[in-house]
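A short worksheet on the structure shown next.
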Amino acid sequence: MPNHLIQESSPYLLQHAHQPVDWYPYSEAIFEKAQQEDKPLIISIGYSTCHWCHVMAHECFDDEEAAELMNKHFINVKVDREELPDVDKYYMNGMQILTGHGGWPLNAFVLPNKKLFYAVTYLPKERWKNLLLKIHQLYQNEKNKLIEYADNIHNGIKQFESLPIQQNNDNYSKKTLNDLIQQVNEWKNIFDKEYGGHHYTPKFVMPINYKFFLYFNYFIKDKELQQHLQNSIQHIILGGLFDHVGGGFYRYSTDKYWKIPHFEKMLYDNAQMIELLSLYYLNFPEPEVKWILEKTINSVLRDFLSDENLFYSAWDADSEGEEGKFYVWELDELKSILKNDYELFSDVFNIKNHFGYWEDDKYVLTIHHSVLNSDKTFWINKIEEWTKILCEHREKRVKPSIDTKIITSWNALMIKALCIASSALKNIKYLEIAEKTAQSILQKNYYENQLYRIYHHQKSKIPAYLDDYAFLIDALIQLAKHTCNTYYLDTAENLAEQCIDKFYSNHHNCFYYTSPQHSIQQSIELFDDVIPSSNAQMLFNLYYLSLLNHNQLFKDIAEKTFTATQHLFFQQPTHTASYGILLLNNIFLNELEVVICGKDVYNYLGKIYPQIWYLNTLFTSSQYTSHFIFQNRFHPEKTFIYVCQHSACYEPIENPDHFSISNYLDM
């Protein structure tokens, strides 16, 4: 008999729908049930491509004895963290307060009042069963102590979230360019100068950090930083983090060499890598970067794009019960497929020197840097021949499962990435796909003035969170810039107004991640994580949209939020690079605007985009529009570039060859 998850649409929840555990989906009613039956809850949180979630599901939740204990003594709730990130965030913060670490699966033991009193990640079956019995005994015999303990944890969670914005910002508002440079110099102390990235494992790319390095190096020439940036990108794209056969990036590297990955592929990682490599290529036009970038885009369009022009969430790390089985290779297999080319292939892909060895006689493909650099054009073409053959062979294997749910914020990241890639690589096909995806998101997940987070099985559900609003607004702004169609800006303005109404806190001068109707508490998300800070993104959005129609409310909120959050970069730069980019904008691009409009605006944009890739306040229009920023500027027969700064405008430029952004920068 299936349990209560059988009616859900989440692939993760459906993975647990036939287990002997009497699982329920998360809801208000489930806490009422716990209250009535006087039982604690187990809120088990994970996601469909989580390897250790699969392991614990098989060892514990498929086990009849463990299930019997769970059903007898607890109310059992399964949560897809990607559907309900606020629930995950609350209990994850609680676990970090309790233990100093976190991870998934996250198994939270919770009172009927929703407050956490204990949490663990993966446990093998016997330890899990023992824990269930101990907690049951505690609940029966020392409930009052658990209630008091849970209250203390709840208060700790509230303090944990609000502490970063309870600082005195007076000193930080006086920070100068020299302070910013000093902060970056301190950041350099944790650089891995040999292999790139930072001196700790596992190694996540955190693309927003490298985007900050691009900005910083552009404005402040820094040879050491540039060398680290280029070295890091080389190791990231040529190492095992990249799927050299099928394309696309895995989630993170388990070692310092960027060699052995955790094999799941996430949409948000690949979207951010496409954006990063596009911007990187504009600054450092290295052929291997363009090659890996195009291969990544092609893999996402092949493996993630649905028939409705929307992008799926993830590919699992596991297939046939083994992590990485779809992606790794054995020597005899490679010899059989490549035949006479095997010896040469084993040199190029670090097999002969055993660098690519993983475990159990299996290898991960990584490219030997010095071999590639000896003749990049030749080796790129040769590698493409080999990987095409290997890809055809790999297609015969059992593929990992795909999480087919559509997440608004992650699709928005992909829309933005395709816009930027289109301009960087001069490929209009990418822009056309971005438009189709945006139109589909707006059609499926935005109606009756409500934006939704999830679209799956032709149904929308779960009202959007701050990141869904922030990144969709950004995606629409990017579409308007790159298509030169201001239609998207009207929707962006409407969403921004809704976002302020639903999420902005006048008390904290920043945006809550969740709306006031949230069932646990309103959480605040300030830091860059696997996706950048939603609060920082709203700053970019509001600065841009305030200029569009001279919207003073947008400008005031942006300035208040920036004042409340700018100190974060000077305290924890590795997770606040978004704010670092805002600081650079404030120092070097203060009130600089570029407006291009007229009949040939798209071609003008293509010519000057390599000069202005970093400029947030770029406005384009191919037709007459009533928006304030374009007033008295459109000419049906001509195209002009307008540059304004500090509420004053320079002479319009009609010939794009005469445009030089350096004329307007104080560098």
Any helices (runs of 4 or more DSSP H) falling wholly within region 193-298 and containing at least 2 residues that are touching a helix residue (DSSP H, G or I) at 6+ places or on another chain (Cβ under 8 Å) and among the β-branched types (Val, Ile, Thr): 223-238
Whichever residue in region 582-623 is small (Gly, Ala, Ser) and outside any helix (DSSP H, G or I) and, among such residues, is nearest to the chain's Cα centre (by Cα): 621
Residue match in region 631-645 (condition: farther than 15 Å from residue 219 by Cβ and either free of Cβ contacts under 8 Å to residues at least 24 places away in the same chain or in the same structural domain as residue 539 (by TED's automatic domain parsing) (or both)): yes
Any pair with Cβ under 6 angstrom, 6 or more apart, that starts in region 213-226 at a residue that is within 15 Å of residue 585 (Cβ to Cβ) and ends at one that is in a loop (DSSP other than H, G, I, E, B): 215/614
Residue in region 493-525 that is nearest to residue 31 (Cα to Cα), counting only those that are of a type in the set (Asp, Glu) and buried (at least 17 other Cβ atoms within 10 Å of the Cβ): 525
Residue in region 624-645 that is nearest to residue 485 (Cα to Cα), counting only those that are under 34 Å from the mean Cα position of the chain (by Cα) and in a loop (DSSP other than H, G, I, E, B): 625
Conditions (1) out of contact with any Ser or Thr (no Cβ under 6 Å at 6 or more places or on another chain); (2) of a type outside the set (S, T, N, Q); (3) part of a helix (DSSP H, G or I): number failed by residue 89: (1)
Flag if residue 615 is within 30 Å of residue 569 (Cα to Cα), assigned by TED's automatic domain parsing to the domain that holds residue 181 and aliphatic (A, V, I, L, M): no
Where a residue in region 150-173 is closer than 24 Å to residue 111 by Cβ and surrounded by fewer than 16 Cβ atoms within 10 Å (Cβ to Cβ) and its partner, wherever it lies, is modelled with pLDDT under 70 and of a type outside the set (Ser, Thr, Tyr), with Cβ under 9 Å and at least six apart: 159/166
Condition check for residue 41: aliphatic (A, V, I, L, M), in the same structural domain as residue 153 (by TED's automatic domain parsing) and over 19 Å from residue 128 (Cα atoms): no
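Let's see how each residue does on (1) assigned to a loop (DSSP other than H, G, I, E, B); (2) small (Gly, Ala, Ser); (3) closer than 18 Å to residue 8 by Cα:
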residue: 43; (1), (2), (3): no, no, yes
residue: 55; (1), (2), (3): no, no, no
residue: 67; (1), (2), (3): no, yes, no
residue: 72; (1), (2), (3): no, no, no
Single condition residue 664 does not satisfy, out of (1) surrounded by fewer than 17 Cβ atoms within 10 Å (Cβ to Cβ); (2) within 20 Å of residue 423 (Cα to Cα): (2)
Among the residues listed as 147, 165, the single one being more than 30 Å from residue 665 (Cβ to Cβ) and touching a Cys at 6+ places or on another chain (Cβ under 8 Å): 165
Qualifying residue in region 300-309 (condition: within 18 Å of residue 411 (Cα to Cα), within 22 Å of the chain's Cα centre (by Cα), of a type in the set (A, V, I, L, M) and in a loop (DSSP other than H, G, I, E, B)): no
Selection from region 37-60 of residues that are without any contact (Cβ under 8 Å) to a residue 60 or more places away in the chain and over 30 Å from the mean Cα position of the chain (by Cα): 37
Residue 344 vs. criteria surrounded by fewer than 17 Cβ atoms within 10 Å (Cβ to Cβ), of a type outside the set (S, T, N, Q) and not in a loop (DSSP other than H, G, I, E, B): yes
Unmet requirement for residue 427, which otherwise passes all of (1) surrounded by 13 or more Cβ atoms within 10 Å (Cβ to Cβ); (2) in contact (Cβ under 8 Å) with a residue 24 or more places away in the chain: (2)
Of the criteria (1) in contact (Cβ under 8 Å) with a residue 40 or more places away in the chain; (2) assigned to a helix (DSSP H, G or I); (3) out of contact with any Asp or Glu (no Cβ under 6 Å at 6 or more places or on another chain); (4) more than 27 Å from residue 655 (Cα to Cα), which one residue 578 fails: (3)
Selection from region 511-526 of residues that are among the hydrophobic types (A, V, I, L, M, F, W, C) and either more than 21 Å from residue 580 (Cβ to Cβ) or modelled with pLDDT of 95 or more (or both): 511, 520
Residue in region 522-535 that is assigned by TED's automatic domain parsing to the domain that holds residue 190, in contact with a strand residue (DSSP E or B) (Cβ under 6 Å, 6 or more places away or on another chain), part of a helix (DSSP H, G or I) and within 24 Å of residue 212 (Cβ to Cβ) present: yes
Single condition residue 410 does not satisfy, out of (1) surrounded by 16 or more Cβ atoms within 10 Å (Cβ to Cβ); (2) more than 20 Å from the chain's Cα centre (by Cα); (3) assigned to a helix (DSSP H, G or I); (4) not small (Gly, Ala, Ser): (2)
Residue list for region 1-29, restricted to those being part of a helix (DSSP H, G or I), touching a residue at least 24 places away in the same chain (Cβ under 8 Å) and surrounded by fewer than 18 Cβ atoms within 10 Å (Cβ to Cβ): 28
Check on residue 650, surrounded by fewer than 16 Cβ atoms within 10 Å (Cβ to Cβ), within 22 Å of residue 477 (Cα to Cα), at pLDDT below 95 and not hydrophobic (A, V, I, L, M, F, W, C): no
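The values are calculated or read from the model by the stated rules, or taken from the named source; none is laboratory data. All values reported here derive from a predicted model rather than from experimental measurement. FYI the Cβ positions are ideal-geometry reconstructions off the backbone, even for glycines, and counts take in every protein chain you see.
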